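The values are calculated or read from the model by the stated rules, or taken from the named source; none is laboratory data. Just so it is clear, the model here is predicted, and its values are computed rather than measured. Cβ atoms come from the backbone with ideal geometry, glycine included; neighbour counts cover every protein chain shown. Quick note on the areas: whole protein, heavy atoms, side chains included, nothing else; ligands and nucleic acids left out. Shrake-Rupley method; radii C 1.70, N 1.55, O 1.52, S 1.80 Å.
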Amino acid sequence: MSQSSLKGPLLVLAGSLCFSTSGFLQAVAPDQATPYVVAGMRMLIGATTLFLFSLLAGKKLNLRNWPVKSVLMYALALWAYQIAFFNSLLFVGVAVGTVVSIGVTPIASGIISTLVEKKAPPAAWYPATLLAVIGLVLINSVQGAPLNATGLALSIFAGICYAVELAVAKPLTQNHTAEESMMLVMLLVGLGLLPFFFFYPVSWVATAKGLAVAISLGVVTAACAFSLLVAGLKTTPTTIASTLTLAEPMGAALLGIFALAEPCSTKTAVGIALIMASILVLVFAQGKRRS
């Protein structure tokens, strides 16, 4: 198995693990922080980070030949995801909202791939996705969790939006680097979230703790996470990548256990093991397929 054949899936996996720190960072954010302002600051700081990175690295930014359709679709899907996901949490809670939205993503990706690309997902996608979804449910299982039709619908819509992001990401790296592409997309999404700053408090960002959280969210969960994800999607099938992104809640669970001293039940341990198994199946199946 060649090293290059594993590069794409491993980049997607690394990006997903960067995403997994967002819950921890939001947990230690000031009490005044709201999901809308957090999301907006995350996008704007992420775009700024990628711009500064390109300047410091001496990379000349290519501002021509953008795949306008893909850029706008990715930005719109990412903006809609932020709105749908964070609102769903108000109705069904963090655990259920996360399970539904992230669990829907690989299923929606498989349907999109079949309809748009006219090809069925790779054989390894089916057992790997099943293992990952079961693991995800075990990790996030909550007794007596509230069920609300509006909240569940928003969670499902958020998962579909994430699947759309994965489906339209590949053209972004045809003439541009992942950093350039995500700098533009995150700038557009950040500007689209600015109106919320007039309705929710933003003063918490000026505190030492708030600024540290905002910068960490922008650098780690936006600039690094999205760049790694988009770079990995260049050589990784969308259906494979969509299941690999389920490493995000696994990483969040591990971070909660080791950094926040959260209890680790048998269900949590089995869930983490199942998601890790699904990741191994996909990574090595993709590597074997490409080699």
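Results for (1) under 27 Å from residue 108 (Cα atoms); (2) touching a Lys or Arg at 6+ places or on another chain (Cβ under 7 Å); (3) not polar (S, T, N, Q), shown as yes or no for each residue.
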| position | (1), (2), (3) |
| --- | --- |
| 181 | yes, no, no |
| 184 | yes, no, yes |
| 191 | no, no, yes |
| 195 | no, no, yes |
| 200 | no, no, yes |
| 211 | no, no, yes |
| 216 | no, no, no |
| 234 | yes, yes, yes |
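With respect to residue 102, determine if the residue is in a helix (DSSP H, G or I), modelled with pLDDT under 80, touching an Asp or Glu at 6+ places or on another chain (Cβ under 8 Å) and open to solvent by less than 40 Å² (accessible area, probe 1.4 Å). The answer is yes for residue 102.
The set of residues in segment 234-291 that are at pLDDT below 75, open to solvent by 30 Å² or more (accessible area, probe 1.4 Å) and not hydrophobic (A, V, I, L, M, F, W, C) comprises 248, 262, 263, 265, 288, 289, 290, 291. In segment 219-226, is there at least one residue being within 17 Å of residue 163 (Cα to Cα) and at pLDDT 70 or above? Yes, that holds for at least one residue. Kindly indicate whether residue 146 is out of contact with any Phe, Trp or Tyr (no Cβ under 7 Å at 6 or more places or on another chain), assigned to a helix (DSSP H, G or I) and at pLDDT below 90. The answer is no for residue 146. Picking from residues in segment 171-182 that are under 15 Å from residue 72 (Cβ atoms) and part of a helix (DSSP H, G or I), the one that is most open to solvent (accessible area, probe 1.4 Å) is 171.
Can you spot a residue in segment 59-67 that is under 18 Å from the mean Cα position of the chain (by Cα) and under 24 Å from residue 236 (Cα atoms)? Walk me through how you get there before you give the answer.
Let us first name the residues in segment 59-67 that are under 18 Å from the mean Cα position of the chain (by Cα), namely none.
Scanning segment 59-67, I find no residue that is under 18 Å from the mean Cα position of the chain (by Cα) and under 24 Å from residue 236 (Cα atoms), so the answer is no.
What do you reckon, is residue 205 closer than 29 Å to residue 60 by Cβ and in contact (Cβ under 8 Å) with a residue 12 or more places away in the chain? No.
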